[in-house]
Amino acid sequence: MHKKTLSDWSLDICIYLVLLLSGLATLLPLANILSKAISDESAVISGKVGIFPVGFQLETMKYVVSSSQFLHSIGVSLLITVVGTVLAILVTAITAYPLSKRHLPGISMIMLLFVFTMMFNGGIIPNYLLMKQLHLINSLWSLMLPALISVFNMLVIKSYYESLPEALEESAKMDGARNFTILFRIILPLSVPVIATIALFYAVYFWNDYFHPMLYINDASLKPLQLYLRDIVLDADSSSAVTKSADDMMNASPEGIRAATVIASIIPMLLVYPYLQKHFVKGVLIGSVKG
């Protein structure tokens, strides 16, 4: 085994320090938001809350979670995320399959057209006019249909398909299997790591998206959680985003409500990620190496 020299140890220390500082830069803002959500109102207003909570209380979190508008918005976001992710995975996986066959005529030109869309698009106004002409304004489909396929995600799945042995498909064809049978019964079951990774990408996108709902959704009953959260964050007094009674005003500050809403909105993604983590590194690594 190679014995580490002083320069090797110095390099390792520098790498660990960079990773430690990067981790702290990510965790400290989250710790500050969490502390504000569970700290006393007076401590939050006076700016005394840092990394650790001051005057522990859970009334603010209880108020946010029990708010009817919050619960309705989180239900809309869950619907968009689940339906959008399932449809996006289905469309992306089906699109990537024929593009992984390099022997098909014209495949290079088709790939060029897909890559072209990664660099150029119609823009906000043409997209809005398109949604309007399709009568999708104030429809949840306007938030899902335009995002059903990401070229980057499709290229990752395509690269994974190309890494699979061709003998699998050849033997299946000899047994009389057709293309869709091969895709759904052989290729996709073998592609669980990359499918889980891309599903996480899509789920995070649908869950965090607030720009497109801001453009296409005017009906308050269709507002997803991130748009509801945006209203709270931008409104200094939270007067237009939430309706508080006198008792609530005594126990929760506007800053505390904003912090509690942020914490509540990231909990679902934090619960999903551990189940997909074991596939995450493998799926991204294979896609990056083959791509």
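Could you tell me what percent of the accessible area of the chain is made up of carbon and sulfur, with a 1.4 Å probe and every protein chain present? Of all accessible area on the chain, carbon and sulfur atoms account for 69 percent.
Between region 53-92 and region 259-276, what's the alpha-carbon centroid distance in Å? When both Cα centres are located, 9 Å separates them. Who wins for biggest fluctuation among 154, 109, 61 in a Gaussian network model of the chain, springs between alpha carbons below 10 Å? Top of the fluctuation ranking is 109. Close lysine pairs were tallied over the chain: pairs 8 or more places apart or on different chains with Cα atoms under 29 Å apart number 24. In this calculation the C-beta distance from residue 103 to residue 148 is compared with R0 = 35 Å, giving a FRET efficiency of 0.80.
Take every Cα pair under 8 Å whose residues are at least 6 apart in sequence, average their separation, divide by the length of the chain, and the relative contact order is 31 percent.
Pull out a ≥ b ≥ c, the square roots of the eigenvalues of the alpha-carbon gyration tensor of region 1-105, then state rounded if a/c is under 1.5, prolate if not and a/b is larger than b/c, and oblate in the remaining case. Oblate, since a/c reaches 1.5 and b/c is not below a/b.
3J(HN,Hα) couplings calculated from phi for region 166-182 with the Karplus curve 6.51 cos²θ - 1.76 cosθ + 1.60 (θ = phi - 60°) are, in sequence order, 5, 4, 4, 6, 4, 5, 5, 5, 5, 8, x, 6, 8, 4, 5, 5, 5 Hz; Gly and Pro show x. In a DSSP loop and with at most 10 other Cβ atoms within 10 Å, the trypsin sites (Lys or Arg not before Pro) in region 48-115 are 102.
Mind pulling the angle between the C-alpha long axis of helix 151-163 and the longest principal axis of the chain? Nearest 10 degrees, somewhere in 0 to 90. Rounded to the nearest ten degrees, it is 40.
A Gaussian network model of the chain, with springs between Cα atoms under 10 Å, assigns the largest mean-square fluctuation among 260, 177, 93 to 177. In the full protein context, region 72-167 carries 57 Å² of accessible surface per residue, based on a 1.4 Å probe and ignoring ligands, DNA and RNA. Between 18, 192, 262, which gets the highest mean-square fluctuation from a Gaussian network model of the chain, Cα cutoff 10 Å? Its mean-square fluctuation being the largest, the pick is 18.
Helix-only arithmetic for the chain: the sum of -39500 (n - 2.57) across DSSP H runs with n ≥ 4, divided by the residue total, places the mean residue ellipticity at 222 nm at -22500 deg cm²/dmol.
Other residues whose C-beta falls under 13 angstrom from the C-beta of residue 224 contribute a net charge of -1, scoring Lys and Arg +1 and Asp and Glu -1.
Relative to the longest principal axis of the Cα atoms of the chain, the long axis of helix 107-119 lies at roughly 20 degrees.
Once you have a ≥ b ≥ c as the square roots of the Cα gyration tensor eigenvalues for the chain, tell me rounded if a/c is under 1.5, and otherwise prolate or oblate according to whether a/b is larger than b/c. It is oblate, given that a/c is not under 1.5 and a/b is not larger than b/c. Each residue of region 130-138 is assigned a 3J(HN,Hα), and the resulting list reads 5, 4, 5, 5, 7, 6, 10, 5, 6 Hz, derived from the Karplus form 6.51 cos²θ - 1.76 cosθ + 1.60 (θ = phi - 60°), x at Gly and Pro.
The values are calculated or read from the model by the stated rules, or taken from the named source; none is laboratory data. If you're wondering where the values come from, they're calculated on a predicted model, not measured in any experiment. Note that each Cβ is placed from the backbone with ideal geometry, even for glycine, and that neighbours are counted across all protein chains shown. Surface accessibility is based on the protein's heavy atoms, side chains included, excluding ligands, DNA and RNA. Shrake-Rupley method; radii C 1.70, N 1.55, O 1.52, S 1.80 Å.
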